[in-house]
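The values are calculated or read from the model by the stated rules, or taken from the named source; none is laboratory data. Nothing here was measured: the structure is a model prediction, and the numbers come from that model. Quick reminder, even Gly has a Cβ in these numbers, built from the backbone with ideal geometry, and neighbours come from all protein chains shown. Calculation scope for accessible area: heavy atoms of the full protein, side chains included, ligands and nucleic acids excluded. Shrake-Rupley method; radii C 1.70, N 1.55, O 1.52, S 1.80 Å.
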Amino acid sequence: MVVCLTGLWRYRNYLVIFLTPLLILPLPIIVGGPEASCGYVIILTALYWCTECMPLAVTGLLPVILFPMMGIMESSEVCTQYMKDSNMLFVGGLLMATAMEHWNLHKRIALRVLLLVGVKPALLMMGFMGTTAFLSMWIGNTASTAMMLPISNAVLKQLCDTEAQAEEREMDLISLRGAGPGTGIPKGQDNQAFDMDDACTTECTKDVKPMKNGIQLEPESEVEESPEARERRLKREAKYLKLDKGMSLSVCYAASIGGTATLTGTAPNLILKGQVDELFPGNGDIINFASWFGFSFPNMVLMLIISWLWLQFMYLGCNMKKLFGCGMNKDGDKEAYGVIKNEYKKLGSVSFAEGCILVLFVLLVLLWFTREPGFMPGWAAVLFNKDKPYVTDGTVAMLMSTLFFVIPSQLPRCGGYSEDGKPLKAPPTLLNWDVVHKKMPWNILLLVGGGFALARGSETSGLSQWLGESLAPLQSIPPVAISFLLSLLIATFTECSSNVATTTLFLPILASMAVAIKLHPLYVMLPCTICASLAFMLPVATPPNAIAFSYGNLKVMDMAKAGFVLNIIGVITINIALNTWGTAMFNLNTFPDWANVTTIPTP
């Protein structure tokens, strides 16, 4: 029996791939109609996405196969959904992120910020969280986490080693004087900036395990320890073990939170824009870079501060004087600070390529903000969009990204010879296609395109209208309660499913429900999109969590306890933002005319 079950588990992906279509086949056969056929495709795609029996991008191509074969949409119409304006915006953002990573500009920014905040525990965690969140606004969450965690481990290892050496010197001094621990020797040798409450320290001395990466917890010397030395070592190790856990969680959580602040920060944000533009063509570009940033950035800052406070409470205790290092200037802090400074020195001076990328990055952000600022006519409306929205955020992104393949990576010089006497060749451009091909996550484009195709198919087949009519009784429930409950549902669902798949599946349904009950579509679509990025509880929920889990001594329960509270906090803060400045920005109290869609325009 065990062997049989083991074999079934080993071939579980094949079983899901072949059995799932057969099990749900009665839906289109018995019920019939285009709505049932579209529902069959959506259910099959959702199950494949949730189980990941096939690569997510390959599953995203199922509408190209099934919609034409089931008579829902023509193949040419389905294929156009895979390369829309939102996809071009996504590609432009990824090219900017690729250029920053290729020339290490993101690392220079991170180290410079850490040099400013210092190495006191509370400020150190704040610096890592703020830097990671900022980087995640512009580059991938996975890349920012993978870059920041090694720096965090190196700093903590230096702090731990320095404190161990200080304690060893103190014990040697005590033994030389023939005195006990109460001889009045000053405690200044200890790195007081990292002292925890006694209760926290005593509790954490149980079952302390050595680390494979990061901080070395086992004593290096084979000399027999005295009971007092062993007790101090265990307390120190427990202290830094907790700090390492808190720092690892702070980095991966900040990466997920930071990605919500900008439209290009993470894929679900762009999926929302694409779905809104697809389902409500006359929305007047209500979701653009500036409007999204205006709503999401304050919410991101609020979530980041609360997350920092919660992790401080869980892993660093409540002694703010010691955590902030008031009035202290210890050698351990200086040496840990030197680790960051040495890493920064390795980067050398700012190169011509880094300067060009920084200028292009700032210019791109400024053009995004000023294209349609909302409170005044933007440059696009004055120059290009006089009667139609010719220029979008995707146009700007592609314009600036194209310059990476035009601008040289070194300052051009006339003449000159190399060391072997040959004339100098023209310098390469900031980016070349080989670099882009290796680092660009092309699979995300197919995954996002599959979501757009499913949304279009549900509209064309009439499934969205049927779902909206079925959800009409929800009109009697207060909108605040609907938004809060749906946010909780999405935040729970995204723990065991890709955030891209979650938003792709739920947003069309939420749009149909909003139209049916005469509720502003963004009132439910906006919070649920951000909640899809609140995957804090499980290591498999999102790549940043998995990276943090592999680096430190984290257990699943550590992540679950910290993440559960942050999930609740995230849902609450998002709904507070929605019902305060979000309502004022998007006029969410009224049902807009552009949402009153009764027929789907033919392309």
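What the table below lists for this structure:
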{"quantity": "Filter pass, Val565 being under 16 Å from Ala146 (Cα atoms), open to solvent by 30 Å² or more (accessible area, probe 1.4 Å) and either touching a helix residue (DSSP H, G or I) at 6+ places or on another chain (Cβ under 7 Å) or not in a helix (DSSP H, G or I) (or both)", "calculated": "no"}
{"quantity": "Close pairs from the stretch 291-318: first on the phi > 0 side of the Ramachandran plot, partner part of a helix (DSSP H, G or I) and modelled with pLDDT under 95, Cβ under 8 Å, at least 6 apart", "calculated": "Gly317/Cys200; Gly317/Leu323"}
{"quantity": "Residues of the stretch 427-442 that turn out to be in a helix (DSSP H, G or I), of a type outside the set (D, E, K, R) and surrounded by 14 or more Cβ atoms within 10 Å (Cβ to Cβ), as a count", "calculated": "2"}
{"quantity": "Residue within the stretch 22-41 that is in contact with a Ser or Thr (Cβ under 7 Å, 6 or more places away or on another chain), among the aliphatic types (A, V, I, L, M), part of a helix (DSSP H, G or I) and open to solvent by less than 50 Å² (accessible area, probe 1.4 Å) present", "calculated": "no"}
{"quantity": "Any hit, the stretch 482-491, residues being modelled with pLDDT under 85, under 17 Å from the mean Cα position of the chain (by Cα) and buried (at least 19 other Cβ atoms within 10 Å of the Cβ)", "calculated": "no"}
{"quantity": "Cβ-Cβ under 9 Å pairs, at least 6 apart or on other chains, the stretch 459-479 side part of a loop (DSSP other than H, G, I, E, B), far side open to solvent by 60 Å² or more (accessible area, probe 1.4 Å)", "calculated": "Gly462/Pro34; Gly462/Glu35; Leu471/Ile509; Ile477/Leu485"}
{"quantity": "Residue that is surrounded by the most Cβ atoms within 10 Å (Cβ to Cβ) [pool: residues in the stretch 102-133 that are farther than 18 Å from Leu304 by Cβ and aliphatic (A, V, I, L, M)]", "calculated": "Val119"}
{"quantity": "Qualifying residue in the stretch 406-426 (condition: over 24 Å from Phe90 (Cβ atoms), in contact with a strand residue (DSSP E or B) (Cβ under 9 Å, 6 or more places away or on another chain), open to solvent by 20 Å² or more (accessible area, probe 1.4 Å) and among the aromatic types (Phe, Trp, Tyr))", "calculated": "yes"}
{"quantity": "Hits in the stretch 376-416 (condition: touching a Leu at 6+ places or on another chain (Cβ under 6 Å) and in a loop (DSSP other than H, G, I, E, B))", "calculated": "Ile407, Ser409, Gly416"}
{"quantity": "Test: residue in the stretch 313-332 that is open to solvent by 70 Å² or more (accessible area, probe 1.4 Å) and modelled with pLDDT of 85 or more", "calculated": "yes"}
{"quantity": "Output for the stretch 580-594, where each listed residue is more than 24 Å from the chain's Cα centre (by Cα), surrounded by 13 or more Cβ atoms within 10 Å (Cβ to Cβ) and either free of Cβ contacts under 8 Å to residues at least 12 places away in the same chain or part of a helix (DSSP H, G or I) (or both)", "calculated": "Thr583, Met585, Phe586, Trp594"}
{"quantity": "Among the residues listed as Gly282, Gly265, the single one being surrounded by fewer than 24 Cβ atoms within 10 Å (Cβ to Cβ) and either touching a residue at least 24 places away in the same chain (Cβ under 8 Å) or not in a helix (DSSP H, G or I) (or both)", "calculated": "Gly282"}
{"quantity": "Test result for Ala535, in contact with an Asp or Glu (Cβ under 6 Å, 6 or more places away or on another chain) and either farther than 23 Å from Ala267 by Cα or touching a residue at least 60 places away in the same chain (Cβ under 8 Å) (or both)", "calculated": "yes"}
{"quantity": "Test result for Ala353, under 27 Å from Met585 (Cβ atoms), modelled with pLDDT of 85 or more, part of a helix (DSSP H, G or I) and not β-branched (Val, Ile, Thr)", "calculated": "no"}
{"quantity": "Options Val524, Val500: the member that is in a helix (DSSP H, G or I), at pLDDT below 85 and under 18 Å from Lys273 (Cα atoms)", "calculated": "Val500"}
{"quantity": "Residue that is at pLDDT 85 or above and touching an Asp or Glu at 6+ places or on another chain (Cβ under 7 Å), where the choices are Lys245, Lys273", "calculated": "Lys245"}
{"quantity": "Flag if Thr98 is assigned to a helix (DSSP H, G or I), farther than 30 Å from Phe313 by Cβ and either free of Cβ contacts under 8 Å to residues at least 60 places away in the same chain or open to solvent by 50 Å² or more (accessible area, probe 1.4 Å) (or both)", "calculated": "no"}
{"quantity": "Neighbours by Cβ (under 6 Å, 6+ apart or cross-chain): first from the stretch 430-449, on the phi < 0 side of the Ramachandran plot; second open to solvent by less than 20 Å² (accessible area, probe 1.4 Å) and assigned to a loop (DSSP other than H, G, I, E, B)", "calculated": "Leu430/Ser409; Leu446/Gly60; Leu447/Gly60"}
{"quantity": "Considering residues of the stretch 134-165 that are of a type in the set (Gly, Ala, Ser) and open to solvent by 10 Å² or more (accessible area, probe 1.4 Å) only, the residue farthest from the chain's Cα centre (by Cα)", "calculated": "Ala164"}
{"quantity": "Any pair with Cβ under 6 angstrom, 6 or more apart, that starts in the stretch 71-90 at a residue that is under 19 Å from Thr395 (Cβ atoms) and at pLDDT below 90 and ends at one that is open to solvent by less than 10 Å² (accessible area, probe 1.4 Å) and charged (D, E, K, R)", "calculated": "Ser86/Lys273; Leu89/Asp393"}
{"quantity": "Top-ranked residue in the stretch 71-87 [being in contact with a helix residue (DSSP H, G or I) (Cβ under 7 Å, 6 or more places away or on another chain), part of a helix (DSSP H, G or I) and open to solvent by 30 Å² or more (accessible area, probe 1.4 Å); ranked as farthest from Leu272 (Cα to Cα)]", "calculated": "Ser75"}
{"quantity": "Residue selected from the stretch 52-70 under the condition surrounded by fewer than 17 Cβ atoms within 10 Å (Cβ to Cβ) and under 31 Å from the mean Cα position of the chain (by Cα), by the criterion modelled with the lowest pLDDT", "calculated": "Glu52"}
